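The values are calculated or read from the model by the stated rules, or taken from the named source; none is laboratory data. Because the structure is predicted, anything quoted here is derived from the model rather than measured. Neighbour counts are summed over all protein chains in view; Cβ atoms, including those assigned to glycine, are modelled from backbone coordinates with ideal geometry. Surface areas here come from the heavy atoms of the whole protein model, side chains and all, with no ligands, DNA or RNA. Shrake-Rupley method; radii C 1.70, N 1.55, O 1.52, S 1.80 Å.
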Amino acid sequence: MLSLPSSTPDFAIVGGGIVGACLAEELSSQGASVLVLDAGAEPGHATHRAAGVAVPSLRYLDDHEFYSWLRTAKLDLNADVARLEPQFGTFSVVRPILRALREQDIDTYGHLLAEAGAGDRVTGADLTAVAAGLKLPPSRHYLHAEGGLMVDGRRYLAAVRGRCRDQGVDWQQGCTVREVREEGRTTVIQTDEATLHADRVVIAAGAWSSTEGLAASTGIRPQRGQMVVLRTDEKLPSILSSAYYLAPGVGDDILVGATEEDAGFADQVTAQGIGQLLRFATAAMPSLADSVPVELRAGLRPVSDTGRPLAGAVPGHERIFISAGHAGHGLLSARASAKGMAAGLLSADWDALPYRMCPTHARGGAA
């Protein structure tokens, strides 16, 4: 049941996944009063269902500004691990990452790989040294790098929520927001139970951010990602990134994922999707044939038309903002997004966020 705030907060954040939670922590740590409104029975739809491969993807390599921002985001995430784990428990595991590249990847990104710090080239003859237990085509190109990171989204979110609680954030769970609108120098938030007010509102509702009544003009849409958790005694020496990924979990399980499907808001697993993942897993690591699937997941990633997150004022509004569209790197970039958003909201300094993340620029206007 909604508990009405005793006063009008400086900021209301719609959405309590890792992006909204990190922003709530950043704003409250700088003295702002913050109200978080999340619709689910528990926070973090996509956050809980993510595999947690927290490494900048090479698909962004040709966008120097954005890829550099993702590398900085990795440093911010490393800092979160060091800061939060001693108080709230382990939510990460560090492993090397082995990337399998196609010939067209080399043709497209070859000149950028070295300067991007993506790793050292590995030839087929050297694969056994870095990929014990894996059966990989020696004809492919491979990059090997230390410092790969796996993050358990549920545990990470719990830790950030713990900090929010310590800082006095008003967190309302099971509260569905139907409409956000500006009225003069305030914003009105209509929920199923009450009408609330806040000085400013940030839409951080993931795949639901562009639903009618919220930030409909921004074009955020869902992309389904399916994955499998395998219970096995086999040990995976590194994170394998190929057509899909094969990665060690924070526990002893192995994670296989993830599909990228335009399936609307259908968040169930399918036989076809899970079958593709299992075929990949057992081909890459034959000893997994005897493993036991203990969890099947399907989550809805928020994606944008530009392929980049949107962070800033919703076009046409002065007091309604958005931070959404983080696709498959929400766990990696949530803290960096939150720091950039907080600087913009509190000091009108948006320079920490890449230009292409501006919602107005994404619609063809001037950022």
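Judged by the ratio a/c of the largest to the smallest principal axis of the C-alpha gyration tensor, region 153-230 counts as oblate, that ratio being 1.5 or greater while a/b is no larger than b/c. Where a Cα-Cα gap under 27 Å defines reach, which lysines qualify for K135, not counting those fewer than 8 residues away within the same chain? Straight-distance partners of K135: K235.
Take every Cα pair under 8 Å whose residues are at least 6 apart in sequence, average their separation, divide by the length of region 277-367, and the relative contact order is 25 percent. One equal scatterer on each Cα of region 151-191, no solvent, Debye formula: the resulting log10 I(q)/I(0) at q = 0.18, 0.31, 0.33 Å⁻¹ is -0.73, -0.96, -1.01.
Within the full protein context, the accessible area of T270 is estimated at about 40 Å² for a probe radius of 1.4 Å.
Amide H contacts of Q223: R301, V303, each under 5 Å away and 5 or more positions distant or on a separate chain (H built 1.01 Å from N in the peptide plane; Pro and chain starts excluded).
Its DSSP H runs of at least 4 residues, each contributing -39,500 (n - 2.57), put the calculated 222 nm mean residue ellipticity of the chain at -9000 deg cm²/dmol, to the nearest 500. Extension gain, T360 to A348: 0.36 nm times the residue separation minus the Cα-Cα distance gives 2.8 nm. In sequence order, region 93-99 has phi-based couplings of 9, 9, 9, x, 10, 10, 9 Hz under the Karplus curve 6.51 cos²θ - 1.76 cosθ + 1.60, θ = phi - 60°, and Gly or Pro positions carry x. Taking a cut-off of 16 Å between Cα atoms, list the lysines near K74, but don't count ones fewer than 8 places away on the same chain. Counting by Cα, and skipping residues close in sequence, K74 has these lysines nearby: K339.
Using the Cβ of K74 as centre and a radius below 13 Å, the other residues enclosed give a net charge of -1, where K and R count +1 and D and E count -1.
Using only the alpha-carbon atoms, how far is helix 103-113 inclined from the longest principal axis of the chain? Give it as 0 to 90 degrees, nearest 10. Roughly 60 degrees between the two axes.
When the Cα gyration tensor is reduced to axis lengths a ≥ b ≥ c, the ratio a/c is 1.5 or higher for region 123-265, and with a/b above b/c it is classed as prolate. Applying 0.36 nm per residue to the separation of Y109 and V292 and subtracting their alpha-carbon distance, the gain on full extension is 62.2 nm.
With Cα atoms as the point set, the radius of gyration and Dmax of region 123-177 evaluate to 21.3, 57 Å.
The alpha carbons of region 55-163 give a radius of gyration and a Dmax of 16.3, 48 Å, in that order.
The angle separating the long axis of helix 153-166 from the principal Cα axis of greatest extent in the chain is about 30 degrees.
Using the alpha-carbon atoms, what tilt in degrees (0 to 90, nearest 10) does helix 330-347 show relative to the longest principal axis of the chain? Roughly 30 degrees, rounded to the nearest 10.
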